[in-house]
Every structure is written in structure tokens, then in C-alpha cells.
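Peer 1: Shown below is the structure under consideration.
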Amino acid sequence: MASKFNLSKFFGMTDDADDYIAPAPKTTVSTKTNQALQPQTPNLRTTNKQKVVPITAGPAKASKIVIFEPRIYSDVKEVATHLMSNRAVVLNFKRIDQAQAKRIVDFLNGTVFAINGEIERVGEKIFLCTPANFEVDGNLSDVLRQDGLS
């Protein structure tokens, strides 16, 4: 009756593998000797090695937290250097007067802003400065309130 209608041939596709013709390998000519060089075919072993990532790439470098107790305003440079080196810094302002502590916190606000970090007050005279690669979870004042210490 009617012949079988093949939808793949209707769209210009065929199921035959014989229709595919592989492109010829590229041949390059050396400019110095005008001789044909070997065809350039990609080396599959080196190509695949570049895409494979080992599961155990060795121990990860540990992040550091520096505890610092500034005594004068010029100590803030060392704190900023630690932050710019991706280290978190805990600052204790118990041994410095309030005016200099305020200046240090103002300076560090600009530093953590520049590196997309954060600064948090975690105690009465204790601050935590973190670079962008740190995440701080929780709130110490809520914990102290629950324990009845604050």
C-alpha cells in the first residue's frame, strides 16, 4: 500500500553511519624549508590529562586566625597586612585607650570594605575582622544572653 514514511530522512538526517566523512588532518608547511610536516592530530592523552582533576590534590592549606592586642595606633598596619593575606584577626582593645581603639576600628572598617570582608563586635572590647573567604555563623551576644552572662 503506502511506503513507510521515515521522519529522519524528511529533516535531512539519516541513520546510516556511512554518510559521515571525517575531515582530513591538517598539514602545515614550514616557512623555513617549505617542506610538508606531519599531519597535526590532537594528542588525546595530553588533552584528557588536562581535563582530569585529581580527587585528592593534597592537604588543603589551613586558614589562620590571628589574635592581636594593639597597644598604639600604628599597630593597625600589621592587622591590615594579616587581613590582606586572607587571615582573620581577633582584636582585644583592653590595653589601649578608647580614642585610639575607635581610630583603629575606623581604619579597619575601610580595610575590610576594600577586601570585601567583615568586622564584628564579639565582646565589650573585642572585635573580629574577617576577609572575604571567611564566614561567621552565630551571634555571641545571643549566646551570652541565653546563659545569663550579659
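The values are calculated or read from the model by the stated rules, or taken from the named source; none is laboratory data. The structure presented is a predicted model; accordingly, all values stated were derived computationally and were not measured. Virtual Cβ from ideal backbone geometry, glycine too; neighbours counted across all protein chains shown. Heavy atoms of the whole protein, side chains included, go into the accessibility calculation; ligands, DNA and RNA do not. Shrake-Rupley method; radii C 1.70, N 1.55, O 1.52, S 1.80 Å.
Peer 1: Could you calculate the contour length gain from residue 85 to residue 62, that is, 0.36 nm times the residue separation minus the distance between their Cα atoms, to one decimal place in nm?
Peer 2: This chain segment gains 7.0 nm when fully extended.
Peer 1: For 63, 85, what's the largest-to-smallest order of accessible area, 1.4 Å probe?
Peer 2: 63, 85
Peer 1: For 72, 104, what's the largest-to-smallest order of accessible area, 1.4 Å probe? Please list the in-between numbers first.
Peer 2: Details: 72 90, 104 0 Å².
Solvent-accessible surface, decreasing: 72, 104.
Peer 1: While we're here: Hey, what do the phi angles of region 103-115 turn into as Karplus ³J(HN,Hα) couplings, whole Hz, using 6.51/-1.76/1.60 and θ = phi - 60°, x for Gly and Pro?
Peer 2: In residue order, the calculated couplings are 5, 5, 5, 4, 4, 6, 4, x, 5, 5, 5, 5, 9 Hz.
Peer 1: Between residue 73 and residue 122, what is the label-point separation in nm under the 7 Å Cα-to-beta-carbon projection?
Peer 2: 2.7 nm
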